[in-house]
Structure formats: C-alpha cells, structure tokens
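Student: Please find one structure pasted underneath; my questions will follow.
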Amino acid sequence: MAYNSDTRVCIRGARKQFGASGEIVALNGVDLDVYPGEVVLIIGPSGSGKSTLLRSINRLETLSAGDIWVDGARVTDPAIDIRKIREDVGMVFQAFNLFPHLSALQNLTMAPRTVKRREKTEADRDARRLLERVGLADKEHARPDELSGGQQQRVAIARALAMNPKVMLFDEPTSALDPEMIKEVLDVMLDLAKEGMTMIVVSHEMGFARAAADKVVFMDEGEVVEVGAPAELFDSAVEERTKRFLDHIL
Amino acid sequence: MAEIIPKRGDDAPGDVSSSPARLTVNVSDGALIPDRGERSLFSAWRISFFGAIVLLVTLPIVSPSPYLEILRFIPDGVVTTFQVTILSILISLVIGLITGLGRISRNVVLNRIATIYVEVIRGIPLLVQLFYIYFALGQIVQVPRLTAAILAMSICYGAYMGEIFRAGLQSVPKGQMEAALALGLSRRQALRKVILPQTLLIILPPVGNEFIALLKDSSLVSIIAVADLLRRGREFASVTFEYFEAYTVVALVYLVITLFLSKIVSYLETWVQKRGVQ
Ligand SMILES: Nc1ncnc2c1ncn2[C@@H]1O[C@H](COP(=O)(O)OP(=O)(O)OP(=O)(O)O)[C@@H](O)[C@H]1O
Ligand SMILES: [Mg+2]
C-alpha cells in the first residue's frame, strides 16, 4: 500500500523488533489510516503492540521497518527534524508524567515558551484558557502532587493542547485512575472529539468508544486483526480472535 | 531521598562500571545526624554539640593560658578551612555535573572518559592525590599551595559528586524525559528545564553530606603547609609544646562546625522529602 495523502496519520508496514537480536516482534506490519477529525480507538490484549504503535507516531520508538506520515511529513525519515513533528503531535500518558517541580500553569506554558519562544503573557493567557476548558481554572498555582489523579490527567491533556497539536495520542489515559475519576477525564476527551480533534486513543473504555470513536482497531500480536465502526465491531466482529477478546473484556 | 547517596568509604574502585549500581543509605561519613524519630541519637547530638560549646567557652575562662591564646590564634585557620572547603565544593559541583552527565551519556567516548575519571580518582587516596598534584606535578609546574590544595580536593570530590549527580539524574522517572521530548523539546532543553531542576532538589542532602566530608578531609591540606585550622593548631603547639591543649581546641572546633552543618543537612533532608517529588 502506498501513502494516502488524505490522511492526518498514515501508517504503512510498521514493524518493530526489540531485543539484542530482534527476537521480540512488537509490531508485525501494521497499516492504518487516520483521517483529519477522526477518533480512532485501539484495543487489544497486553503486549499486542498498542503502545509501541502509538509511540512510533512521534518517534519515541524508531520503527525497524515501514513508514509513518503525520500531515504529509514522513516521521520515519531519519533526516527529518523530529522536534517539528512532535510539536504537532500531542501525547497523553497513562502515568500523566506532569513535571512535578512546576505549577499546573507552568506545566502548560513551559513547552510553548521553550520550543515556540512564546511571550510569557501570551502563553499564560492561552494556558489559563485551556485550564478553564478542562475545568481547572482555580488550580493554576497547584503543583501536580496537590492534584488528584483525574485533575493531573486533565492538566496533562491541557499541556499537550497548549502546543496546538494536529493530532492527539492517548495511551490508556484512564487506566491509572480511581473509578470515580475516570468520567471527568473521558468527558474532556469527548469534548475534544466533538470539537473535531484528530485522536488516536488506546483504551478499553467501551462507553467512550461508542460515544466518540469513528473506528475501533483490534490489535493482537503486533498485527491489526480487524477494523470497524464501534457498533459493528463490538456487536458483530468477524474474526475469531476479536470475538474472544471482546467476550473477555465486555 | 537518602537512597540516592552513593555509598562512600568502602567503594571498591571496580564497582563503578556496573551501571545502575545498588545504592545504599549511608550517613556514617558525616557527623551524627539528628533524627527526630530517634530520641537517643538526638540527645547524643545535643550532648556532643552543646558539650563541645560549653568546653570551648569554659576552658578559656578557667585557664586563659593557653586556651584563650589558642582561641585567638586559630580563627585565621578556620577562615582558610572554609575557603578551601567552599571553593572546592563549588568546583567539584561543576566537575560533578559534567561527570554525571557523561556517565549517563549515550555517547560512548564521553561515557568512557567520565567512568574512567571516577574509577581512577576513587581508587587513589585523597592524600596521595594531594601529594601528586603538589609535589609530583610540582616538578613540572609549581602551583601555589592553596591552589594545589583546592585543585586536589575539587578533582577528588568531583568524582564523588559525579556519582551523586548520576544517581540523581537517573532517579528522575523516564516518563519525564519522554513527556518533554513529546512536547517538542530537544534533549538538551529537556535536561535543563525538566530533569536538572528535579535532580538538584533531590541531590541537595547528599551534596550537604559531601560538604561536611570535604570540610573534614580539608584538614589533609595542612600537610602541604596550607595554614588551615589543623595547621594553625600545630603551629601553636610547636612553639609552646602544649600539644594536648592545642589539639583539644582544634578537635572541638571541628566538632562544633560539623555537628552544626549536619543539623542543617538533616533539615534539608526533611524539607526535600516534604517537597515530595512525585
Ligand atoms: N523497550 C522495550 N524493550 C523490549 N521489549 C519491549 C519494549 N517495549 C515493548 N516491548 C515488547 O513489545 C511488545 C509490545 O509491547 P507494547 O507495550 O506495545 O504492548 P501494549 O499493547 O501496549 O501492552 P499493554 O496493554 O500491556 O500496555 C511486548 O511484548 C513488550 O514486552
Ligand atoms: Mg501499553
């Protein structure tokens, strides 16, 4: 398959091997098209390569073979300035990874000011707007350890948004949260989806999938086994492996 | 926090290269560190500290000759001791930062150079390094005593600081670097804005302990005739032959200083712990 120029993210033949002799195959030839404004949910058993795929999109992992394009730029080109691409790709981690020595506001402004050389007053103003958007306007001075898990993850989402990304990657954003905090984070993500943000989300939150996802990708052993609309995939999966996995988690 | 202190004293030079070295808590190199949890230790600190102060006050009153004379004679030495200690600690911090970055560098050459430096320096006694810089290298370029002293202390402690920086840098979770890179920061920007600020906070207590250790080790420089606290005591005694009195005062002054500093370090430790890095 060739590069599809209509996509925001285009993945072709992605292969990733780990280990001294490449004995661990984390990705075994993945193809995926993500169109602008689309919300794509990735599900699959532990070790199926979901995180590796996500981390290859902003090159936190370097593919062993295959190509990835973000908005037309070939991420896998060794000569490309990967920092420019990372500015356009927001990432939200399972463990939040907020900067503990900075306040919520500073967590948001650090990258725009360091990378984009934004003025402090401008960056602060935009950051306040984003904190308000995730419902944390009153927490701008709080340090991460003074926030609950759900609040931290919302700050982390706002931090990624502060760079004005063209696509957002979420790696199990709610799986480190206590059950009562999951909703506040999913609500923020739902709003983002409604506003037309392109999102690739690794998550097993079926409610979110049905409400927001345009398509669901089932991965197993480094391969995309099946792709479909949420209702289609959850209720009438074709592949045996997909059915077994869905029986297991639903 | 304390577990990032590389164990001192019995580190065999060979153990440096085994990368994420097992680090153990070790405060035995400093003076007794008061711990509010342990009453007996706390009172031991109090007895030692205030006991030493009481002796330093009463001895000159009870017997002004020679104690008052000694107390008048040694302040120059205290100044020199602090001069050597502070300058050495500052230079060793710079060396330590560079060495620590080298030790975690993915550049093989830099990494190897930093590791060799740490191995070599930690394998040679400080006194031998001091002699080496002042007498052996002195045959090639003669440097002033004080400069040689500070140079030797800095180079030696730079290696230990390097290990503290390495442990501190490595104690920052991997996700911090990844989050910074994902936002578009370069590795260098991420180090400066994200990793180092967290490292500096974490290493504050162990650096304080190094300061105390260095202050005590600085007494070695008296051997190359730098007029530090110990040297001043010896100068006094060699004229009056009152060795017992002179060295008693010298010991008491060192004790008061190190006990005082170790109290500060223990406060730093609690403060850093309260700041609780995630
Ligand atoms: N840095 C690494 N070194 C070696 N092997 C790795 C590394 N990262 C991932 N792997 C391996 O690659 C495979 C895919 O891992 P990955 O983390 O992408 O799975 P995942 O689908 O995200 O799983 P989970 O649901 O547990 O997060 C696994 O076998 C994993 O052990
Ligand atoms: Mg994962």
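The values are calculated or read from the model by the stated rules, or taken from the named source; none is laboratory data. Model, not experiment: these values are computed from the prediction. Cβ sites come from the backbone with ideal geometry, for glycine too, and all protein chains shown count toward neighbours. Keep in mind that these areas ignore ligands, DNA and RNA; they rest on the heavy atoms of the full protein, side chains included. Shrake-Rupley method; radii C 1.70, N 1.55, O 1.52, S 1.80 Å.
Student: Please indicate, with yes or no, whether at least one residue in segment B:146-162 is within 30 Å of A:Ala95 (Cα to Cα), touching a helix residue (DSSP H, G or I) at 6+ places or on another chain (Cβ under 8 Å), within 14 Å of another protein chain (Cβ to nearest Cβ) and not charged (D, E, K, R).
Tutor: No, segment B:146-162 has no match at all.
Student: Checking the conditions here, which among A:Met206, A:Met189 is at pLDDT 95 or above, away from ligand 1 (no atom under 15 Å from the Cβ) and within 17 Å of the chain's Cα centre (by Cα)?
Tutor: Exactly one residue qualifies, and that residue is A:Met189.
Student: Then there is this: Condition first: under 18 Å from A:Leu177 (Cβ atoms) and crowded, with 21+ Cβ neighbours inside 10 Å. Now tell me which residues in segment A:84-94 satisfy that.
Tutor: Within segment A:84-94, A:Met91, A:Val92, A:Phe93 meet the criteria.
Student: Residues being more than 8 Å from ligand 1 (Cβ to nearest atom) and either out of contact with any strand residue (DSSP E or B) (no Cβ under 9 Å at 6 or more places or on another chain) or open to solvent by 30 Å² or more (accessible area, probe 1.4 Å) (or both): count how many of those fall in segment A:39-65.
Tutor: Of the residues in that region, 5 qualify.
Student: Can you tell me which condition B:Thr199 does not meet? The list is (1) open to solvent by less than 40 Å² (accessible area, probe 1.4 Å); (2) in contact (Cβ under 8 Å) with a residue 12 or more places away in the chain; (3) under 26 Å from A:Pro173 (Cβ atoms), and all the others hold.
Tutor: It fails just one condition, (3).
Student: Can you run down the residue pairs with Cβ atoms below 7 Å, 6 or more apart or on separate chains, where the first is in segment A:9-20 and in contact (Cβ under 8 Å) with a residue 24 or more places away in the chain and under 24 Å from A:Val40 (Cα atoms) and the partner is within 16 Å of ligand 2 (Cβ to nearest atom) and not in a strand (DSSP E or B)?
Tutor: Listed by first residue and then by second, the contacts come to A:Val9/A:Ile57; A:Ala14/A:Leu53; A:Ala14/A:Ser56; A:Lys16/A:Thr52; A:Lys16/A:Ser56; A:Lys16/A:Glu61.
Student: In addition: Taking the conditions exactly as written (open to solvent by less than 70 Å² (accessible area, probe 1.4 Å) and either touching a strand residue (DSSP E or B) at 6+ places or on another chain (Cβ under 7 Å) or over 22 Å from B:Pro206 (Cβ atoms) (or both)), does B:Leu93 satisfy them or not? First the steps, then the outcome.
Tutor: On the way: open to solvent by less than 70 Å² (accessible area, probe 1.4 Å): yes; either touching a strand residue (DSSP E or B) at 6+ places or on another chain (Cβ under 7 Å) or over 22 Å from B:Pro206 (Cβ atoms) (or both): no.
Considered against the rule, which asks whether it is open to solvent by less than 70 Å² (accessible area, probe 1.4 Å) and either touching a strand residue (DSSP E or B) at 6+ places or on another chain (Cβ under 7 Å) or over 22 Å from B:Pro206 (Cβ atoms) (or both), B:Leu93 comes out as no.
Student: Continuing with the same structure: How many of the residues in segment B:238-258 are closer than 19 Å to B:Val79 by Cα and surrounded by fewer than 16 Cβ atoms within 10 Å (Cβ to Cβ)?
Tutor: Residues in segment B:238-258 being closer than 19 Å to B:Val79 by Cα and surrounded by fewer than 16 Cβ atoms within 10 Å (Cβ to Cβ): 1 in total.
Student: Within segment A:235-245, is even one residue among the aliphatic types (A, V, I, L, M) and either surrounded by 22 or more Cβ atoms within 10 Å (Cβ to Cβ) or not in a loop (DSSP other than H, G, I, E, B) (or both)?
Tutor: No, that holds for no residue.
Student: Would you confirm whether any residue within segment B:3-11 is over 30 Å from B:Phe244 (Cβ atoms) and at pLDDT 50 or above?
Tutor: Yes, that holds for at least one residue.
Student: Restricting to segment A:163-173, what's the tally of residues that are open to solvent by less than 20 Å² (accessible area, probe 1.4 Å) and in a loop (DSSP other than H, G, I, E, B)?
Tutor: Number of matching residues: 3.
Student: Identify the single condition in (1) open to solvent by less than 40 Å² (accessible area, probe 1.4 Å); (2) within 16 Å of ligand 2 (Cβ to nearest atom) that A:Lys215 does not satisfy, given that it satisfies every other one.
Tutor: Failed condition: (2).
Student: Only residues that are open to solvent by less than 40 Å² (accessible area, probe 1.4 Å) and within 18 Å of A:Ser175 (Cβ to Cβ): list them for segment A:193-212, please.
Tutor: Within segment A:193-212, A:Met199, A:Ile200, A:Val201, A:Val202, A:Ser203, A:Met206, A:Phe208, A:Ala209, A:Ala212 qualify.
Student: Taking A:Asp81 as meeting all but one of (1) under 14 Å from the mean Cα position of the chain (by Cα); (2) within 14 Å of chain B (Cβ to nearest Cβ); (3) acidic (Asp, Glu), write down the number of the exception.
Tutor: (1)
Student: Out of segment A:1-31, which residues are among the hydrophobic types (A, V, I, L, M, F, W, C) and away from ligand 2 (no atom under 16 Å from the Cβ)?
Tutor: The initial filter retains those residues of segment A:1-31 that are among the hydrophobic types (A, V, I, L, M, F, W, C), namely A:1-2, A:9-11, A:14, A:18, A:20, A:24-27, A:30.
If the condition is that a residue be among the hydrophobic types (A, V, I, L, M, F, W, C) and away from ligand 2 (no atom under 16 Å from the Cβ), then A:Met1, A:Ala2, A:Val9, A:Cys10, A:Ile11, A:Ala20 are the ones that fit.
Student: Would you be able to say whether some residue in segment A:136-147 is at the interface with chain B (Cβ under 8 Å from one of its Cβ atoms), under 24 Å from A:Ile43 (Cα atoms), outside any loop (DSSP other than H, G, I, E, B) and touching a helix residue (DSSP H, G or I) at 6+ places or on another chain (Cβ under 8 Å)? Explain how you work it out, then say what you get.
Tutor: In the first step, residues of segment A:136-147 are kept if they are at the interface with chain B (Cβ under 8 Å from one of its Cβ atoms); the result is A:144-145.
Add one more test, that the residue is under 24 Å from A:Ile43 (Cα atoms), and what stays is none.
No, that holds for no residue.
Student: Still on this structure, I have one more. Given (1) surrounded by fewer than 22 Cβ atoms within 10 Å (Cβ to Cβ); (2) within 14 Å of chain A (Cβ to nearest Cβ); (3) out of contact with any Ser or Thr (no Cβ under 7 Å at 6 or more places or on another chain), where does B:Asp217 come up short, assuming only one miss?
Tutor: (2)
Student: Taking segment A:33-68 as the search range and keeping residues that are away from ligand 2 (no atom under 16 Å from the Cβ) and of a type in the set (A, V, I, L, M), which one is nearest to the other protein chains (Cβ to nearest Cβ)?
Tutor: Ranking the qualifying residues of segment A:33-68, first place goes to A:Ile68.
Student: Checking the structure you have, find out if any residue of segment B:84-93 is in contact with a Pro (Cβ under 6 Å, 6 or more places away or on another chain) and assigned to a helix (DSSP H, G or I).
Tutor: The initial filter retains those residues of segment B:84-93 that are in contact with a Pro (Cβ under 6 Å, 6 or more places away or on another chain), namely none.
Scanning segment B:84-93, I find no residue that is in contact with a Pro (Cβ under 6 Å, 6 or more places away or on another chain) and assigned to a helix (DSSP H, G or I), so the answer is no.
Student: Let me ask something else about it. Testing A:Ala176 on (1) within 13 Å of another protein chain (Cβ to nearest Cβ); (2) more than 16 Å from ligand 1 (Cβ to nearest atom); (3) part of a loop (DSSP other than H, G, I, E, B), one condition comes back false. Which one is that?
Tutor: Tallying (1) within 13 Å of another protein chain (Cβ to nearest Cβ); (2) more than 16 Å from ligand 1 (Cβ to nearest atom); (3) part of a loop (DSSP other than H, G, I, E, B), A:Ala176 fails exactly one: (2).
Student: Being touching a Gly at 6+ places or on another chain (Cβ under 7 Å) and within 16 Å of ligand 2 (Cβ to nearest atom): is that true of A:Leu177 here?
Tutor: Yes; evaluated as a whole, the condition is true for this residue.
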